[in-house]
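Let me begin by presenting the structure, written as structure tokens, before commenting on it.
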Amino acid sequence: MNVENVVPWLALVISVVSFLVSAYAIYRDRSRVKVFCKVVYDCSKDQSDNLDNPPPFLRIYAVNTGKRAIFLSNICGYISRKSSISWTLKDEPIVFDENGITSISSSGFVHNVGVRLDDGEIYEYRIKHDDYTKLYAVHDEVTLFKKYFLTDVLGNKYQVKGSKKGIEILMKYKA
């Protein structure tokens, strides 16, 4: 074995090892999102006249546990395998002029209606027990959502863990 035969093989091994280290670093640093929910009862005086029976609301949390930022765009209500309804995470206010015509409406750009989560950031979305637009799908007939999921700008879906039970608890509430 002479040096002329060993050097190309050594270069190839070093290149492969460098590629594997780079690929692992990219995989490790990717964005990862944990999404879960919790039912909370609002005991404040402004929300409940009867403090013995406070109204519930669903808190949906999205936590970025990865090192790269992620842009969440929509929250979706799951109806069936082929059907779901989505709405933006941030409601951009609609401004009317003096004639009652909309002068500023939602642009649809992700930086206006979406949420950017950096490393370790948490986003919270609330659904009240009487917010029927977030609990029911209204098309030909009124259908209760089965569960929720979030989507990012790339179209990836993140199921909200515990949302099925949360919806059931919100529906059981009687004022």
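Worth pointing out:
- Residues whose amide H comes within less than 5 Å of that of LEU144, counting only those at least five positions distant or on another chain, are ALA137 (H built at 1.01 Å from N in the peptide plane).
- Using a cut-off of 19 Å between Cα atoms, the listed pairs LYS82/LYS128; LYS147/LYS172; LYS134/LYS165; LYS90/LYS164 include LYS82/LYS128; LYS90/LYS164 as exceeding that distance.
- If the segment from VAL7 to ASN53 were pulled out straight at 0.36 nm per residue, it would be longer than the present Cα-Cα gap by 8.8 nm.
- Of the peptides 164-172, 21-29, the ranking by mean beta-carbon count within 10 Å, highest at the top, reads 164-172, 21-29.
- Sorting the segments 6-15, 148-157 by their residues' average number of neighbouring beta-carbon atoms within 10 angstrom, most packed first, yields 148-157, 6-15.
Every number here is computed from the coordinates shown, using simple stated rules; none is lab data. Here the structure is a predicted model, which means the values were calculated and not measured. Neighbour counts are summed over all protein chains in view; Cβ atoms, including those assigned to glycine, are modelled from backbone coordinates with ideal geometry.
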